[in-house]
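The values are calculated or read from the model by the stated rules, or taken from the named source; none is laboratory data. Every value quoted in this text rests on a predicted model; they were computed, and no experiment measured them. Cβ: placed from backbone, ideal geometry, glycine included. Neighbour counts: every protein chain shown. Note: areas computed on protein heavy atoms with side chains; ligands, DNA, RNA excluded. Shrake-Rupley method; radii C 1.70, N 1.55, O 1.52, S 1.80 Å.
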Amino acid sequence: MSQPRKTCLYDNHVSLSARIVDFAGYLLPVQYESIIAEHLHTRNCVSLFDTCHMGQVLITGRGAAEKLSRALTQDSAALPIGKAKYGFLLNENGGVIDDTIIMRLGEDEFFLVVNAATKENDIAVLSPRLAGLHITHQTDWAKLDIQGPRSAEALKKFVECDLTSLKYFSVTRTKFNGADCILSRTGYTGELGYELFMPQKFMPGVFDMLLENPLVKPAGLGARDSLRLEMAYPLYGHELSETLNPKDADMEFFYDPQGNFVGADALRKYAPAQKLVTLVGESRRQFHPGDEITCGGKTAGRVTSGAFSPSLNVAIGMGYVDINASQTGAELVVKTQRAELPVKVAEKPIYTKGTCRIKVTL
Amino acid sequence: MIPADLLYTEQHEWIKISGDTAVMGITDHAQNSLGDVTFVELPAIGKRVLQSEEVCSVESTKAASSVYAPAGGEVIEVNSELETAPELINQDPYGKGWICKLKLADKGDLEKLLTPEKYKPLTEE
């Protein structure tokens with residue numbers, strides 16, 4: 001088993017007394033002061049998340065749009081320049097190899113963001129599908145997530161582009177403090193936020209520069225997880241895997257059922273027997289991945305993610321249950337190690353006051 | 001932080017004796033290891049425990065943890081504020097974060113407890 005890797009921000013985390021854990025083979029902060037405080041600060045103000053471990057792939061060449069429209073579920077050919085789209089990299093059976101965001105930087109220039117644990121395999125799978133195109137795995141680039149209702153305010157003095165005209169799920173090449181970067185208005189928290197992509201050598205300085213503003217605080221993986229769960233966003237490896245597909249995951253909204261991408265046929269023929277649901281508990285007692293879910297006393301499924309929701313002061317999570325136990329409002333029971341907890345299937349997102357789509361005014 | 005007027009256990013609980021009764025909770029080291037406390041399963045009034053038996057449990061963003069009785073006895077009072085504000089354990093583990101009060105069964109149990117000086121090295125691993 002190889003040693004976990006450090007991101008370029010490791011020393012920054014240590015100097016802030018972060019609690020470090022191994023996530024996807026990288027040493028990352030799970031928390032600095034408190035998961036709950038970091039979560040609430042992101043919802044109310046602005047936080048920084050080290051996401052340098054994630055994969056960044058530049059794809060260029062004539063016909064890139066058409067080839068990508070086959071390789072991934074997103075219709076890259078119809079994607080306007082300057083826009084981003086969430087979707088999946090599927091295998092022939094419709095199983096999810098990864099969930100991804102594709103961003104169009106130019107007519108034949110695309111930027112793909114993928115998960116850390118799957119990035120090497122993603123590129124191995126994509127290469128034959130994108131034969132003839134130029135694929136660059138930008139391993140010397142880093143990523144920082146800047147998320148929260150005050151994030152535009154915190155970024156304004158450093159970025160050249162006009163943040164008031166960068167709409168939700170848009171992307172642009174710009175400069176941060178004079179250095180070339182890519183900036184997208186995307187994120188994993190449900191709040192107004194940005195992902196900043198730039199060469200690793202600049203990132204430690206950028207991190208410090210942003211933290212000079214008293215509005216800005218660092219946040220770790222613990223808060224990242226409770227934030228995304230409140231939004232019912234899936235986490236690859238928990239809600240998505242190669243043996244699960246977008247229909248199981250209740251994510252049909254994110255692809256065209258008449259599409260022509262790898263896995264589309266298999267999806268058309270597939271009728272799920274189980275469905276991914278969002279769960280809200282009645283108390284603060286948490287449930288955890290692997291916990292059994294029952295309906296009317298019988299086994300109905302399994303929890304895939306669970307956490308305490310600081311915004312709602314109750315336990316929340318996600319899990320797969322039999323189709324007939326998956327309607328909104330269904331009353332289920334989760335069996336944890338210590339207790340049997342009543343939960344309800346909720347509409348997503350659980351947290352509805354997220355600012356991710358607001359019109360930015362500065 | 002290790003107050004001088006308390007006694008301690010190897011499992012990071014503290015106890016303050018007043019005659020036949022005692023107040024208990026978990027130490028600053030324990031709350032720091034746990035992270036944000038999100039739920040406290042308070043014991044029932046009348047519950048009898050032996051020394052080192054589980055008296056209740058505490059859940060945090062990180063894990064669920066058992067809390068053990070520093071001395072044997074009967075639970076006579078619980079800190080019901082912890083039902084709505086379990087974070088008191090993080091904020092003030094020796095004060096407002098107290099967990100329950102015990103009527104002591106056997107004062108001999110107290111001899112097995114650690115003084116602040118003996119407890120301190122356990123917090124420095």
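Given contacts defined as C-alpha pairs under 8 Å and at least six residues apart, what's the relative contact order of chain B, whole-number percent?
This gives 31 percent for chain B.
Rounded to the nearest 500 deg cm²/dmol, what is the calculated helix-only ellipticity per residue at 222 nm for chain A, with -39500 (n - 2.57) per DSSP H run of length n ≥ 4?
On the way: 8 runs with 66 residues, N = 362.
Helix contribution divided over all residues of chain A: -5000 deg cm²/dmol.
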May I ask you to give the percent of accessible area on the range A:235-362 that is carbon plus sulfur, with a probe radius of 1.4 Å?
49 percent
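Quote the relative contact order of chain A in percent (integer), defining contacts as alpha-carbon pairs under 8 Å separated by 6+ residues. Could the numbers behind the result be given before it?
On the way: 851 pairs, mean separation 66.2, N = 362.
Relative contact order comes out at 18 percent.
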Partner shielding of A:336-344, taken as the mean number of other chain Cβ atoms within 10 Å, equals 1
Once the piece of chain linking A:Asp108 and A:Asp208 is laid out straight, how much longer is it, given 0.36 nm per residue of separation minus the C-alpha distance between them?
32.5 nm
Would you please state which residues of the range B:22-54 a label at B:Glu74 would reach in this model, taking the label point 7 Å out along Cα→Cβ and a backbone N cut-off of under 13 Å?
B:45-49
Area accessible to solvent at A:His238, 1.4 Å probe radius, in Å²
80 Å²
At what distance in angstrom do the alpha carbon centres of the range B:17-53 and the range B:60-80 lie from each other?
3 Å
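At a 1.4 Å probe radius, carbon and sulfur cover how many percent of the accessible area of the range B:26-125? All intermediate terms of the calculation are to be shown ahead of the outcome.
On the way: 2320 of 4860 Å².
Carbon and sulfur atoms account for 48 percent of the accessible area of the range B:26-125.
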For B:Tyr68, list long-range residues whose amide hydrogen, built 1.01 Å from N in the peptide plane, is under 5 Å from its own amide hydrogen.
B:Val55
J(HN,Hα) series, the range A:179-188, from Karplus relation 6.51 cos²θ - 1.76 cosθ + 1.60, nearest Hz, glycine and proline x:
9, 4, 7, 10, 10, 10, 9, 9, x, 10
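Residues of A:30-37, mean number of Cβ from any other protein chain within 10 Å of their own Cβ, rounded to a whole number?
On the way: counts 3, 4, 0, 1, 5, 6, 8, 2.
Partner Cβ neighbours, averaged per residue: 4.
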Sorted by accessible area (1.4 Å probe), largest first, how do B:Ile17, A:Ile350 line up?
B:Ile17, A:Ile350
Per-peptide average of other Cβ atoms within 10 Å, ordering A:145-157, B:101-113 highest first
A:145-157, B:101-113
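By how many nm would the segment from A:Lys156 to A:Thr328 lengthen if fully extended, with 0.36 nm per residue of separation less the alpha-carbon distance? Walk me through the intermediate numbers first.
Details: separation 172, 0.36 × 172 = 61.92 nm, distance 4.10 nm.
So the chain would gain 57.8 nm between A:Lys156 and A:Thr328.
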Which positions within the range B:37-72 get 50 Å² or more of their accessible surface covered by the other protein chains, compared to the chain by itself, with a 1.4 angstrom probe?
B:Thr38, B:Phe39, B:Glu59, B:Thr61
Structure shown: which of A:Lys167/A:Lys353; A:Lys119/A:Lys269; B:Lys16/B:Lys62; B:Lys16/B:Lys118 lie over 22 Å apart, alpha-carbon to alpha-carbon?
A:Lys119/A:Lys269; B:Lys16/B:Lys62
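Going by average Cβ density within 10 Å per residue, which order do the peptides A:80-92, B:55-67 take, highest to lowest? Intermediate results must be reported in sequence, preceding the final value.
Numbers: A:80-92: 17.9, B:55-67: 19.6.
By packing density, highest mean first, the sequence is B:55-67, A:80-92.
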